[in-house]
1. Restricted to region 316-325, and to residues that are assigned to a helix (DSSP H, G or I) and open to solvent by 30 Å² or more (accessible area, probe 1.4 Å), which residue is nearest to PHE184 (Cα to Cα)?
2. Restricting to region 207-224, count the residues that are over 20 Å from VAL260 (Cβ atoms) and either polar (S, T, N, Q) or assigned to a helix (DSSP H, G or I) (or both).
3. For region 228-251, indicate whether the set of residues that are of a type outside the set (Phe, Trp, Tyr), in a helix (DSSP H, G or I) and under 22 Å from PHE307 (Cα atoms) is non-empty.
4. Which ones in region 82-113 are of a type in the set (Ser, Thr, Tyr) and under 26 Å from ASP264 (Cα atoms)?
5. Hey, any hits in region 279-287 for a residue that's within 16 Å of the chain's Cα centre (by Cα) and closer than 26 Å to ILE90 by Cα?
6. Please determine, by comparing only the residues of region 116-125 that are at pLDDT 95 or above and touching a Ser or Thr at 6+ places or on another chain (Cβ under 9 Å), which one is least open to solvent (accessible area, probe 1.4 Å).
7. Could you tell me whether ALA356 is in contact with a Leu (Cβ under 9 Å, 6 or more places away or on another chain), at pLDDT 85 or above, small (Gly, Ala, Ser) and under 26 Å from ASN282 (Cβ atoms)?
8. Test each condition in (1) assigned to a helix (DSSP H, G or I); (2) in contact with a helix residue (DSSP H, G or I) (Cβ under 7 Å, 6 or more places away or on another chain) for ILE291 and report the one that comes out false.
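The values are calculated or read from the model by the stated rules, or taken from the named source; none is laboratory data. None of these values were measured; they are calculated from a predicted model. Backbone-built Cβ (ideal geometry, glycine too); neighbour counts: all protein chains shown. All accessible areas refer to the heavy atoms of the entire protein, side chains included, with ligands and DNA or RNA removed. Shrake-Rupley method; radii C 1.70, N 1.55, O 1.52, S 1.80 Å.
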Amino acid sequence: MSSTLEHDPRVVAEPTGVRGVLLEYRRRLWQGDIGQLPVLVGLVVIGAIFQVTSDGRFLQPYNLVNLTLQMAAGGTISVGLVLVLLLGEIDLSAGVVSGMCGAIMAVMSINGHLSGPAAIGLALLAGAVVGALQGIWFTRFGIPSFIVTLAGLISWQGVQLMVLGKDGSISLHDPIITGLAWTFLTGPPAYGCVAAFIAYAAIGPIVTHYRRRAAGLTVSPLAFVVVRAAAISAFAVTALIVLSADRGISLSLLLLVGAVIVMDVVLRRMRFGRMIYAIGGNAEAARRAGIPVQRVRVLVFVLGSMFAAWGGILGASRGLSVNQSDGQGPVLLNAIAAAVIGGISLFGGRGSVWAALLGTMVIQSISNGMALLSLSSSLKFVITGAVLLVTVTIDAVLRRRQAAVR
């Protein structure tokens with residue numbers, strides 16, 4: 001049958017080589033679907049600028065390992081916010097929830113004398129309870145998620161202060177908790193992790209391409225898929241070499257990437273993920289199609305708060321302590337900005353969970369590079385805000401173009 005199709009004059013030959021790649025990007029640009037291309041270009045530009053201005057310090061192995069440690073907590077919080085944003089909703093309590101759950105873990109570990117895993121489990125359970133409460137309140141009473149989570153932002157901050165008590169700061173000593181951030185992989189374990197990442201992120205799409213084409217489904221040109229796979233593989237191998245030249249790959253980075261991969265599988269390959277996209281695209285149409293809209297919304301808020309709790313745990317592990325300021329300040333805004341900069345639409349229904357990883361890389365690269373240059377925090381906020389505004393503007397323009405094409 002395949003030979004018959006190959007000789008059928010009605011079948012248009014698939015563009016190959018560089019021409020196929022360029023034609024695919026031109027088609028996507030015209031349709032307003034350019035994915036993560038802008039953020040990837042932005043990362044290259046940011047890296048080049050800071051490498052030059054910092055006298056070559058930005059891309060040094062020691063600094064890049066530190067950058068991966070800085071990414072883990074905020075990136076994990078951003079993963080949960082991606083799920084909420086895909087619904088077309090918002091969770092303003094995520095930052096404070098991360099600090100509160102980190103505090104619960106610390107108190108249970110130090111004052112409650114629980115083991116590290118038990119303390120972590122209670123902190124995640126607390127995050128799930130917060131998400132369920134806010135999700136049920138939002139869906140049951142029809143109050144905008146903005147208002148419900150704004151109330152949560154205020155309330156859970158008070159709970160955090162009560163949990164920490166008068167001292168306001170607790171040092172962490174459990175090796176399992178501290179090891180989440182301060183464990184590094186080198187040699188065969190690191191090679192295995194990178195090989196698994198390449199198999200999923202690079203080779204997997206090629207296999208999917210052939211399966212879809214065999215099933216007669218629409219596919220991108222093979223050259224486009226192969227070039228993208230080669231770029232991902234080259235980046236992963238280069239990162240392995242550079243990070244191994246210092247301490248190695250941090251466990252916290254692996255946990256962040258693992259969370260992204262798990263949620264990518266959920267969103268792209270499971271019914272629950274498809275329901276999230278459907279609700280974010282048109283909630284009323286999803287309801288009429290038989291999707292349990294309210295139940296899905298509650299579950300998404302539960303997951304979002306659990307990822308916030310996990311981010312707070314990773315942040316506490318990196319800092320080796322918790323205090324009253326954890327989860328406050330720019331934590332929430334940076335997590336939201338990372339998701340949006342990475343390609344998540346604020347209008348819901350469009351984007352990939354990889355946005356959390358890529359956007360966090362942009363946010364933390366800017367912060368890290370400016371710290372190397374000893375620039376003020378005020379300038380960092382201005383630049384981050386400008387990048388966010390440009391990203392949202394591009395998203396709005398592309399949505400109008402997509403609507404025009406349809």
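1. Taking the candidates together, the pick is ARG318.
2. The total comes to 11.
3. Among the residues of region 228-251, at least one is of a type outside the set (Phe, Trp, Tyr), in a helix (DSSP H, G or I) and under 22 Å from PHE307 (Cα atoms), which makes the answer yes.
4. Hits for region 82-113 are SER93, SER98.
5. no
6. ALA119
7. Values: in contact with a Leu (Cβ under 9 Å, 6 or more places away or on another chain): yes; at pLDDT 85 or above: yes; small (Gly, Ala, Ser): yes; under 26 Å from ASN282 (Cβ atoms): yes.
When the stated conditions are applied, ALA356 passes them.
8. The number of the failed condition is (1).
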